[in-house]
Structures are given as C-alpha cells and as structure tokens.
Amino acid sequence: MKLSKKYSNQKVFFISSIKDFASDLQNYIINDGEWTIKGFIDIFENIYSLSSDTKIISKILELNIFPRFLEFAEKIGYRIELASKQNYYPDLSFISKQNEEIKFAVDIKTTYADDKRPGYCNGFTLGSHGEYFSNRESRKNIQFPYDSYIAHLCLGIIYSRNTSDNYNELKIYTLKDLPNIPSVINNFIFFVSEKWRIASDKGGSGNTANIGSIKKIEDIIKGNGVFAKAGEDIFDDYWVNYGKIRIKVDGKFKKLTTFDEYIRFCKLPKHIKNE
C-alpha cells in the first residue's frame with residue numbers, strides 16, 4: 001500500500017496546515033508593501049544593495065522564512081531534517097514526532113514574474129527525474145528514499161523584480177537611510193502544491209535531469225499543471241520514461257519527450273491531458 005493511502009488523513013492535515021502557513025508568510029517578510037530585507041551590512045554600518053540575481057534572492061528568501069518553518073513544524077508536531085548535502089532533495093523533510101514513518105518532502109522554490117508576459121513567471125524546477133525518482137528505494141542525492149515520503153510538496157514564492165529607476169544595485173547606504181532603501185523585489189505570491197500538480201512535460205533546466213514547472217501563475221496557484229487530469233501515477237510513469245522510450249515520428253525514431261507522444265504511445269484517451 002502506498003504511504004499516501006495508508007496515511008491519507010495525515011496527508012490532508014499536513015497539506016491544509018502548510019497552505020495556511022504559506023498564506024501567512026507575507027506578514028513576516030513584508031512591511032508597508034516592501035520586502036523587509038534591504039541589503040547586506042558590514043561592521044562599518046554600510047548597507048550594500050542586493051543584486052537581483054535569482055540565486056542570491058532565492059537563498060536570502062529561504063533564510064528569511066526558515067525560522068517560521070521551525071515554528072510551524074513544532075506547532076503541528078513535526079521536526080525538520082535539512083538536506084544533508086547541497087544537491088540533495090528535498091530542501092526540508094518534515095517528520096512526525098509521533099510516527100517517523102510519516103514524512104513529507106517540501107522544496108522551497110522561488111521565481112520571478114515575467115515582465116514581458118503578464119500573468120506568467122519564469123518557472124522553476126521540481127526535482128530530478130533521475131536515479132532516486134526512477135528507483136524509489138535509492139538514497140542517491142535524496143535525504144530519504146522517494147517512496148518513504150507521503151507527499152512531495154513545493155512551497156513556492158513568485159515575486160516581481162524592482163525595475164524602477166529608484167533602484168540601483170551598486171548604491172551603498174548608511175543606517176540612517178534604512179527606512180527609505182527600496183527593496184530589490186516586491187509583489188509576493190505564496191503557494192503550496194504537490195509537485196505533480198504543477199509539473200509541465202518539459203525539462204526544467206539545461207542538460208540536467210530536472211522536471212520543469214508550468215509558467216502561468218493562475219494555473220500554478222490552482223495546481224492546474226499538465227498532469228492535473230491524468231493523476232500522479234501517470235505523472236510518475238511519464239517522467240520515469242522521459243527521454244528513454246524511442247518512438248517513430250514521420251518515419252524517424254526519436255526519444256519520447258512530450259505528453260502528447262506519451263498519450264499516443266500508451267494509447268490513452270486524449271482528454272487526460274490538461275490544456
């Protein structure tokens with residue numbers, strides 16, 4: 001029996017609780033509509049503006065909200081185990097204090113709204129579809145075997161970058177300037193979703209074996225990804241076989257890399273694809 005079925009009540013409770021938690025995060029990191037983090041400070045009380053580099057923003061956001069995760073875990077009777085290595089999945093393993101078989105994988109994902117496509121964001125990766133995803137008992141690059149988690153969740157933050165003329169990444173401020181320093185990002189949207197619900201059928205980054213997300217913000221918030229109608233089992237099967245099955249297209253063989261191709265190959269009804 002899958003753990004998600006065995007512990008269905010705990011799954012419902014945890015997901016409901018972490019969604020409530022996410023909806024309240026803005027109260028901790030925003031003041032008067034602005035991000036409370038303004039820059040780096042040195043011992044001479046110089047404040048250096050933040051870069052809009054996504055890796056920097058992502059790490060600072062994670063550090064900014066991590067104390068709240070600890071409070072949340074304690075409140076609902078869980079402890080948090082961090083990924084033991086930098087490239088391990090997931091970011092956070094929530095483990096029940098009463099029953100250590102009850103675990104939830106939570107990845108913190110951040111991305112920015114697309115200035116040129118209103119209503120869309122830059123997207124993010126949802127973990128690997130490599131060894132630990134294919135071999136659900138593997139411990140390679142994962143804190144616990146994939147199937148030992150009841151659910152795999154994404155707590156996401158979508159933000160807008162400050163593109164106004166009043167923001168200068170090279171500017172240095174002093175403490176007396178603090179109330180008036182503009183924030184590098186604003187307009188935060190927080191969401192929680194099982195990762196299969198917001199997955200696309202495309203890889204997430206370059207040559208790495210990462211699952212990509214959908215990019216329409218409304219669909220992300222609603223969990224309305226490519227596999228939303230098909231279900232988690234088909235999501236799993238598609239990504240386990242992504243790029244491995246060879247199919248014939250226009251007389252030539254190619255690797256299966258789209259959900260449309262998968263549906264035709266498996267002779268599944270077309271309506272299971274979410275448009």
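Summary of values
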quantity: Accessible surface, per residue, of the chain when the full set of protein chains is kept, probe 1.4 Å, Å²; calculated: 54 Å²
quantity: Sum of -39500 (n - 2.57) over DSSP H runs of 4+, divided by residues of the chain (222 nm, nearest 500); calculated: -7500 deg cm²/dmol
quantity: Per-residue HN-Hα couplings for the range 81-97 [Karplus 6.51, -1.76, 1.60; θ = phi - 60°; Hz; x = Gly/Pro]; calculated: 10, 6, 4, 6, 9, 4, 9, 8, 9, x, 4, 10, 10, 8, 10, 5, 6
quantity: Pairwise centroid distance, computed over Cα atoms, of the range 89-147 with the range 16-70, Å; calculated: 21 Å
quantity: GNM top mover of Ser183, Ser23, Ser164 - the chain, alpha-carbon springs below 10 Å; calculated: Ser164
quantity: Cα gyration tensor shape for the range 71-226, rounded if a/c is under 1.5, else prolate or oblate; calculated: prolate
quantity: Size of charge dipole - the chain - debye, nearest 20, with Cβ of Lys, Arg +1 and Asp, Glu -1, no other charges; calculated: 1280 debye
quantity: Accessible-area ranking of Tyr28, Tyr262, largest first, probe 1.4 Å; calculated: Tyr28, Tyr262
quantity: Summed side-chain charge close to Cys121 - residues other than Cys121 whose Cβ falls under 13 Å, Lys, Arg +1, Asp, Glu -1; calculated: +2
quantity: All lysines inside 24 Å of Lys267 as judged from Cα atoms, apart from same-chain residues fewer than 8 positions distant; calculated: Lys202, Lys229, Lys244, Lys248, Lys252, Lys254, Lys255
quantity: Charge sum, other residues only, whose C-beta stays under 12 Å from Ile95's C-beta, Lys/Arg counted +1 and Asp/Glu -1; calculated: 0
quantity: Surface share of carbon and sulfur [accessible, 1.4 angstrom probe, percent] for the chain; calculated: 49 percent
quantity: Convex hull volume of the chain per residue (C-alpha atoms, cubic angstrom); calculated: 160 Å³
quantity: Hz values of 3J(HN,Hα) by residue in the range 142-149 - Karplus curve (6.51, -1.76, 1.60), Gly and Pro given as x; calculated: 9, 5, 9, x, 3, 6, 7, 9
quantity: Interchain or long-range residues, amide H under 5 Å from Gly204's placed H; calculated: Asn210, Ile211, Gly212
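The values are calculated or read from the model by the stated rules, or taken from the named source; none is laboratory data. These numbers come from a predicted model, not from an experiment. Glycine also receives a Cβ, built like all others from the backbone with ideal geometry; neighbour counts cover every protein chain displayed. Protein only, heavy atoms only, side chains kept; ligands, DNA and RNA dropped before computing areas. Shrake-Rupley method; radii C 1.70, N 1.55, O 1.52, S 1.80 Å.
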